[in-house]
Amino acid sequence: MKITLITIGKLKEKFLQAGVAEYLKRLKPFVKFEVREIPEQKSVVEEGKKILSALPKESFIFVLDVAGNFLTSEKFAQKFSDLTLHGVSEITFVIGGAFGLSDEVKKIANFRLSFSPMTFTHQMARLILVEQIYRAFKINRGEPYHW
């Protein structure tokens with residue numbers, strides 16, 4: 001399986017960089033993982049155009065959206081398992097910038113995901129996302145990590 005993460009902007013905080021790097025390292029045995037960072041643009045519409053051009057073809061697309069669906073960690077893991085059973089071999093996650101995602105990007109999503117009714121920075125969302133992806137793999141393998 002291949003996972004692509006498309007994000008707006010670079011991680012600026014060292015503690016977030018270290019956390020994301022740790023989970024990406026832990027994911028190496030399970031999945032090929034690519035991060036595509038798109039520079040911040042002047043508008044959400046411009047960022048949306050850049051995101052759309054960076055999307056891999058034939059990928060199942062999750063967008064992180066405050067108005068998206070909530071999933072427990074177990075249901076998120078089940079979503080991965082179900083996608084695999086249906087022949088999906090490539091998944092893309094999209095995290096917008098400080099002002100969210102354009103309507104065009106939201107429309108192409110196969111699944112709109114929200115972590116919480118609370119607001120997180122888009123940089124913090126990146127760390128939460130890679131940790132939850134790692135957790136999903138551990139859950140699906142029946143390995144100790146998620147109790």
Lysines whose Cα lies under 21 Å from that of Lys79, excluding same-chain neighbours fewer than 8 positions away: Lys2, Lys28, Lys32, Lys57, Lys106, Lys107, Lys138
Interchain or long-range residues, amide H under 5 Å from Val35's placed H: Leu5
Ignoring everything but the protein chains, give the 1.4 Å probe accessible area of Leu85 in square angstrom, nearest 10. 140
Residues other than Gly9 with Cβ under 9 Å of its Cβ, Lys/Arg counted +1 and Asp/Glu -1, net out at 0
What net charge is computed for the residues neighbouring Lys106, neighbours being all others with C-beta under 13 Å from the C-beta of Lys106, Lys and Arg scored +1, Asp and Glu -1? -2
Carbon/sulfur fraction of accessible area - the chain, other protein chains in place, 1.4 Å, %: 55
Apply the a/c threshold of 1.5 to the C-alpha gyration tensor of the range 20-133 and tell me whether it is rounded, prolate or oblate. rounded
Two-site FRET efficiency, Ser89 against Phe15, from Cβ-Cβ distance with R₀ of 25 Å, rounded to 0.05: 0.15
Shape verdict for the range 86-147, please, from the Cα gyration tensor: rounded (a/c under 1.5), prolate (a/b greater than b/c) or oblate. oblate
Hey, what did the chain get for relative contact order, percent, Cα under 8 Å, at least 6 apart? 34
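The values are calculated or read from the model by the stated rules, or taken from the named source; none is laboratory data. Since we're looking at a predicted model, the values are computed, not measured. Virtual Cβ from ideal backbone geometry, glycine too; neighbours counted across all protein chains shown. Ligands, DNA and RNA are stripped out before the accessible areas are found, and what is left, the full protein with its side chains, is counted by its heavy atoms. Shrake-Rupley method; radii C 1.70, N 1.55, O 1.52, S 1.80 Å.
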